[in-house]
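*Asks:* Sharing a structure, written as structure tokens. Questions coming.
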There are 2 protein chains.
Amino acid sequence: MAKNHSKNNSKEHTRDRIINSAKRLFAEQGYQKTTIVDISRQAGLSEAALYDYFQGKEDLLQMIPDLWVSELLRDLEEQLFGIKGAVNKMRKYLWWYMRRVEQSPLDAKIVYLFLKTNANFLNTEVYSNVKKLYSHLVDIFEEGRKSGEMKPDLDPLVARDIFVGTMDHIISRWLLKDMSYSLFDNLESIFELMVDAFKANNSQ
Amino acid sequence: MAKNHSKNNSKEHTRDRIINSAKRLFAEQGYQKTTIVDISRQAGLSEAALYDYFQGKEDLLQMIPDLWVSELLRDLEEQLFGIKGAVNKMRKYLWWYMRRVEQSPLDAKIVYLFLKTNANFLNTEVYSNVKKLYSHLVDIFEEGRKSGEMKPDLDPLVARDIFVGTMDHIISRWLLKDMSYSLFDNLESIFELMVDAFKANNSQ
DNA sequence: AGTATTTTCCTAATAACATTAAGGTTTTTT
DNA sequence: AAAAAACCTTAATGTTATTAGGAAAATACT
């Protein structure tokens with residue numbers, strides 16, 4: 001029993017060690033320049049042993065965003081729960097996501113810089129989860145439109161493009177610049193401008 | 001004389017043939033999955049001959065965006081010349097860029113999907129030209145602010161982030177979805193929303 | 001023209017790397 | 001304690017980027 005427990009732990013531990021080594025190395029040196037030897041050394045194994053845990057280098061790369069994004073998805077609904085009003089939800093979404101990125105810069109770096117290179121990204125688990133993350137945004141804009149908080153003719157998909165595009169752009173630059181400043185700089189004024197774009201024009 | 005001319009032509013021709021082969025293959029199969037043999041076969045040479053024209057695979061990848069982006073930069077000033085008003089310039093910028101992307105989808109694909117992977121992207125020629133492309137946008141927003149066409153407290157850098165982020169997002173998705181629809185779908189309503197975000201609120 | 005030089009290209013190394021083969025050692029189960 | 005399973009290792013194997021070394025063709029020079 002106790003042995004079984006400790007064994008399972010150690011197995012999980014090894015797997016995690018490999019993932020964390022890969023994460024650090026991919027984020028530091030990029031996917032191409034990181035070798036399987038690098039990763040397995042860092043994790044304290046031989047190269048061959050790594051193949052008992054993962055199918056290969058691509059598989060290992062995929063695993064990192066897989067874990068991160070599905071955890072984000074789990075957290076998101078929790079975070080939006082109980083918040084009233086589309087603008088308030090939109091605000092929470094933005095601040096929440098930026099904080100999550102700031103908390104997991106290595107995961108974010110891999111998602112933003114190395115994932116899209118994968119030819120069949122559209123067929124991955126990650127993409128389907130990212131779409132779910134986005135769909136919450138679409139719901140928020142739809143709610144805003146219906147409640148009269150936002151423009152009556154607001155296209156929720158267009159609003160999402162502006163929102164996500166802006167977020168992603170800010171994050172990409174932050175990652176490229178090696179996270180040398182805070183992601184929250186200017187966030188308030190960015191948010192205000194986007195609200196101006198979406199909100200109902202009461203004065204007309 | 002005649003020989004010299006034809007020789008220079010053929011030299012340029014070979015170089016171009018290599019670049020175009022690489023462009024097609026990188027865009028089709030991705031950078032990693034494209035081999036030097038693939039490229040040189042396609043261009044009608046041996047692998048080794050390719051190294052007389054380019055330093056290596058990375059160098060070849062870099063070359064493609066280099067050429068495209070610097071040509072874009074040359075064209076941009078021409079295109080904005082004579083257009084009056086910040087909103088009109090902003091509109092022209094958006095439509096111009098989208099058309100250029102639609103006209104050179106292979107270049108765009110390489111820029112958008114494979115370039116940021118490069119660890120020292122920030123130190124490349126391309127990045128410095130991209131920054132110049134962006135700086136025209138900042139100028140436009142600054143002009144709009146000063147002329148009263150846009151909000152008096154509009155931060156031009158923030159406006160640029162929204163504008164570029166939105167554009168890039170739409171383009172990335174279009175590229176990932178294999179250019180299966182028109183980039184100009186919804187462009188009008190996207191533009192209108194962005195204008196609402198930036199423009200002076202006359203009714204207040 | 002005829003020789004020297006440069007350009008362009010090729011066939012073979014070379015070396016780095018991902019992935020597999022084959023099997024040993026330790027742990028768990030019975 | 002024997003059998004099975006889990007975990008790990010060293011030594012291939014095969015692919016691929018890059019170099020070496022030099023042939024063939026074009027160009028320049030006399």
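The values are calculated or read from the model by the stated rules, or taken from the named source; none is laboratory data. Just so it is clear, the model here is predicted, and its values are computed rather than measured. Virtual Cβ from ideal backbone geometry, glycine too; neighbours counted across all protein chains shown.
*Asks:* Test A:Asp52 against the criterion of being within 16 Å of DNA strand C (Cβ to nearest atom) and assigned to a loop (DSSP other than H, G, I, E, B), and give yes or no. Walk me through how you get there before you give the answer.
*Replies:* On the way: within 16 Å of DNA strand C (Cβ to nearest atom): yes; assigned to a loop (DSSP other than H, G, I, E, B): yes.
Here the answer is yes, as A:Asp52 does meet what is asked.
*Asks:* Of all the residues that make up segment B:180-204, how many are small (Gly, Ala, Ser), under 24 Å from A:Met150 (Cβ atoms) and assigned to a loop (DSSP other than H, G, I, E, B)? Walk me through it before giving the result.
*Replies:* Narrowing segment B:180-204 to residues small (Gly, Ala, Ser): B:180, B:182, B:189, B:197, B:200, B:203.
Narrowing further to those that are under 24 Å from A:Met150 (Cβ atoms): B:189, B:197, B:200, B:203.
Those left that are additionally assigned to a loop (DSSP other than H, G, I, E, B): B:200, B:203.
Qualifying residue count for the region: 2.
*Asks:* Only one of (1) without any contact (Cβ under 8 Å) to a residue 40 or more places away in the chain; (2) of a type in the set (A, V, I, L, M); (3) surrounded by 17 or more Cβ atoms within 10 Å (Cβ to Cβ) fails for B:Val69. Which number is that?
*Replies:* (1)
*Asks:* While we're on this one: For the structure I just gave you, tell me whether A:Glu12 is of a type outside the set (Ser, Thr, Tyr), at pLDDT below 95 and outside the structural domain of A:Met194 (by TED's automatic domain parsing).
*Replies:* Against the criterion (of a type outside the set (Ser, Thr, Tyr), at pLDDT below 95 and outside the structural domain of A:Met194 (by TED's automatic domain parsing)), A:Glu12 qualifies.
*Asks:* Could you list, in sequence order, the residues of segment A:18-38 that are within 14 Å of chain B (Cβ to nearest Cβ) and near DNA strand D (Cβ under 10 Å from one of its atoms)?
*Replies:* Scanning segment A:18-38 gives a single hit, A:Gln32.
*Asks:* Is it true that B:Asp59 is more than 17 Å from the chain's Cα centre (by Cα), of a type outside the set (Gly, Ala, Ser), more than 28 Å from B:Lys146 (Cβ to Cβ) and in a helix (DSSP H, G or I)?
*Replies:* It is true that B:Asp59 is more than 17 Å from the chain's Cα centre (by Cα), of a type outside the set (Gly, Ala, Ser), more than 28 Å from B:Lys146 (Cβ to Cβ) and in a helix (DSSP H, G or I).
*Asks:* While we're on this one: Can you give me the number of residues within segment B:126-179 that are at negative phi, assigned to a loop (DSSP other than H, G, I, E, B) and within 11 Å of chain A (Cβ to nearest Cβ)?
*Replies:* 5
*Asks:* Can you name the residue in segment A:192-204 that is at the interface with chain B (Cβ under 8 Å from one of its Cβ atoms) and touching a helix residue (DSSP H, G or I) at 6+ places or on another chain (Cβ under 7 Å) and is also farthest from B:Arg160 (Cα to Cα) among such residues?
*Replies:* Filtering segment A:192-204 for residues that are at the interface with chain B (Cβ under 8 Å from one of its Cβ atoms) and touching a helix residue (DSSP H, G or I) at 6+ places or on another chain (Cβ under 7 Å), the one farthest from B:Arg160 (Cα to Cα) comes out as A:Phe198.
*Asks:* From the list B:Lys57, B:Lys89, which one is away from DNA strand D (no atom under 15 Å from the Cβ) and modelled with pLDDT of 95 or more?
*Replies:* B:Lys89
*Asks:* Against the condition part of a helix (DSSP H, G or I), out of contact with any Leu (no Cβ under 9 Å at 6 or more places or on another chain) and within 16 Å of DNA strand D (Cβ to nearest atom), how does A:Arg74 come out, does it pass? Full working, then the answer.
*Replies:* Values: part of a helix (DSSP H, G or I): yes; out of contact with any Leu (no Cβ under 9 Å at 6 or more places or on another chain): yes; within 16 Å of DNA strand D (Cβ to nearest atom): no.
No, not satisfied.
*Asks:* While we're here: With over 24 Å from B:Leu175 (Cα atoms), more than 14 Å from chain A (Cβ to nearest Cβ) and more than 9 Å from DNA strand C (Cβ to nearest atom) as the only criterion, which of B:Arg15, B:Arg41 stands out?
*Replies:* B:Arg41
*Asks:* Quickly run through segment A:26-39 and pick out the residues that are in a helix (DSSP H, G or I) and buried (at least 20 other Cβ atoms within 10 Å of the Cβ).
*Replies:* Passing the criteria: A:Phe26, A:Ala27, A:Ile39.
*Asks:* Kindly evaluate A:Lys116 against the criterion of being within 14 Å of chain B (Cβ to nearest Cβ), more than 16 Å from DNA strand C (Cβ to nearest atom) and of a type in the set (D, E, K, R). Give the steps one after another, and end with the answer.
*Replies:* On the way: within 14 Å of chain B (Cβ to nearest Cβ): yes; more than 16 Å from DNA strand C (Cβ to nearest atom): yes; of a type in the set (D, E, K, R): yes.
Spelling it out, A:Lys116 is indeed within 14 Å of chain B (Cβ to nearest Cβ), more than 16 Å from DNA strand C (Cβ to nearest atom) and of a type in the set (D, E, K, R).
*Asks:* Out of everything in segment A:55-69 that is out of contact with any helix residue (DSSP H, G or I) (no Cβ under 9 Å at 6 or more places or on another chain) and of a type in the set (Asp, Glu), what residue ends up being nearest to DNA strand C (Cβ to nearest atom)?
*Replies:* If we filter segment A:55-69 for residues that are out of contact with any helix residue (DSSP H, G or I) (no Cβ under 9 Å at 6 or more places or on another chain), which is where we start, we get A:55, A:58-59.
Then keep just the ones that are of a type in the set (Asp, Glu); that gives A:58-59.
Working: A:Glu58: 6, A:Asp59: 8 Å.
In this case the residue turns out to be A:Glu58.
*Asks:* Among the residues of segment A:180-191, which ones are more than 7 Å from chain B (Cβ to nearest Cβ) and buried (at least 20 other Cβ atoms within 10 Å of the Cβ)?
*Replies:* Passing the criteria: only A:Leu183.
*Asks:* Give me the residue from segment A:120-159 that is under 16 Å from the mean Cα position of the chain (by Cα) and surrounded by 20 or more Cβ atoms within 10 Å (Cβ to Cβ) and, out of that set, nearest to A:Arg74 (Cα to Cα).
*Replies:* It comes out as A:Val126.
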